[in-house]
Amino acid sequence: MEIAQALELIQTAGNEHPGPIVWLTGAGISAESGIPTFRGAQGYWRVGSRNYHPQELATFAAYTQMPNEVWSWYLYRRSVCRAAAANPAHHALAALESEAPDRFLLVTQNVDGLHLRAGNTLARTYQVHGNIDYMRKVSGSAPVPLPEALGETWARERSLTEAEFELLRHEGEPTRPHVLWFDETYDEINFRFDSTLRAADEAALLIVVGSTGQTNLPVQLARRVLARDRPMIVIDPEVDENAFAQMNEAVCGAHRTLRGGAGTFVPALADAVASLSPR
């Protein structure tokens, strides 16, 4: 799909249908800021003599068995995220929300908080996998920022001291990272599950940036948009195994995919959305 066709599709869909243009972002947009996916070698974490895979650590079961080690891993992950800066694609989406909030909604799988740091608001940004800068009580509560006393840098494979672990209590109770773990399910209060499905039912168009379609709620979002005969555009450097591109081909007979990085295409597409008439 050529960029000119994508821009035309935005104009057509946006002017024919009054709903928001929904953006779905995944690890690919943050990779351009230098944040690895943590599913490769950088995601492993040594506890004693054993290397743990991210899918083993990112579970409530692992947290209940070794909370210190799980928190240490997440604090290291957070330090990597905090060292990264928002890139042109993040800034383009933040500018778009400011210019055309009624035509904008962002659903992000990323927990790095870069969209918010670029200027997007919580009101228009659904962080469906959480935010690594926050924690919440294990017993249940609204997320709160991590204590500043913990700092923003964390050495790899370093355990929490007793004093540091004590900082990770809130109102006298133990906390957990505010993220969706592999053995948990989406909900509305923490991960905007119902709101995301409502967005799918209202969207004039879905633009997927840097997500391959490996998690449940984003896939449901795309399927509901396509079931309403609304178009989807996919941006990905590697499109051949992208589940969203395959959905498009199955429904529309075309990939409707821009092969390349977020920074290459998002600013131009955001400008096209900003030029649409208000709802």
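The values are calculated or read from the model by the stated rules, or taken from the named source; none is laboratory data. All values derive from a computational prediction rather than experimental measurement. Don't worry about glycine lacking a Cβ; one is built from the backbone with ideal geometry, like all the others, and counts go over all protein chains shown. In case anyone asks, the SASA skips ligands and DNA or RNA and just uses the protein heavy atoms, side chains included. Shrake-Rupley method; radii C 1.70, N 1.55, O 1.52, S 1.80 Å.
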Rounded to one decimal in nm, the spacing of the 7 Å Cα→Cβ label points at residue 85 and residue 53 is 3.7 nm
Largest-first semi-axes in Å of the equivalent ellipsoid built from the Cα gyration tensor of the chain are 35, 19, 17
Which residues qualify? For residue 135, with a placed amide H closer than 5 Å and at least 5 residues away or on another chain, they are 144, 146, 178
Of every hundred units of 1.4 Å-probe accessible area on the chain, the number belonging to carbon and sulfur atoms, as a percent, is 50 percent
GNM of the chain, Cα pairs under 10 angstrom: of 247, 135, 66, the biggest fluctuation goes to 66
If the chain between residue 275 and residue 246 were fully extended at 0.36 nm per residue, the gain over the current Cα-Cα distance would be 7.5 nm
Once residue 166 and residue 183 are pulled to full extension, the length gained, defined as 0.36 nm per residue separation minus their Cα-Cα distance, is 3.5 nm
Under the Karplus relation with 6.51, -1.76 and 1.60 and θ = phi - 60°, whole-Hz ³J(HN,Hα) for the stretch 59-67, x at Gly and Pro, equal 9, 5, 4, 5, 4, 5, 8, 8, x
Note, the stretch 238-255: 3J(HN,Hα) by Karplus (6.51, -1.76, 1.60, θ = phi - 60°), whole Hz, Gly/Pro = x, goes 10, 9, 5, 10, 7, 5, 5, 4, 5, 4, 4, 5, 5, 8, 9, x, 8, 6
If the chain between residue 223 and residue 3 were fully extended at 0.36 nm per residue, the gain over the current Cα-Cα distance would be 76.9 nm
Calc'd 3J(HN,Hα), the stretch 207-216, phi into Karplus 6.51 cos²θ - 1.76 cosθ + 1.60 (θ = phi - 60°), Hz, glycine/Pro = x, comes to 10, 9, 10, x, 10, 9, x, 9, 10, 5
Taking N as the residue count of the stretch 54-151, its alpha carbon Rg divided by 2.2 N^0.38 Å gives 1.21
Toy charge model, Lys and Arg Cβ at +1, Asp and Glu Cβ at -1: the chain dipole around Cα centroid in debye, rounded to 20, equals 180 debye
Check: C-alpha center the stretch 202-229 vs C-alpha center the stretch 58-109, spacing in Å is 20 Å
Once normalised by the length of the stretch 100-223, the mean sequence separation of its alpha carbon contacts under 8 Å that are 6 or more apart gives a contact order in percent of 25 percent
Expressed to one decimal in nm², the mean projection of the alpha carbon convex hull of the stretch 51-96 is 4.5 nm²
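For the stretch 214-261, what does the relative contact order come out to in percent, with C-alpha contacts under 8 Å and a separation of six or more?
RCO, the stretch 214-261: 37 percent.
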In Å², rounded to a whole number, the accessible area per residue of the chain with probe 1.4 Å is 44 Å²
Under 5 Å from the placed amide H of residue 209, counting only residues 5+ away or on other chains, we find 24, 25, 26, 235
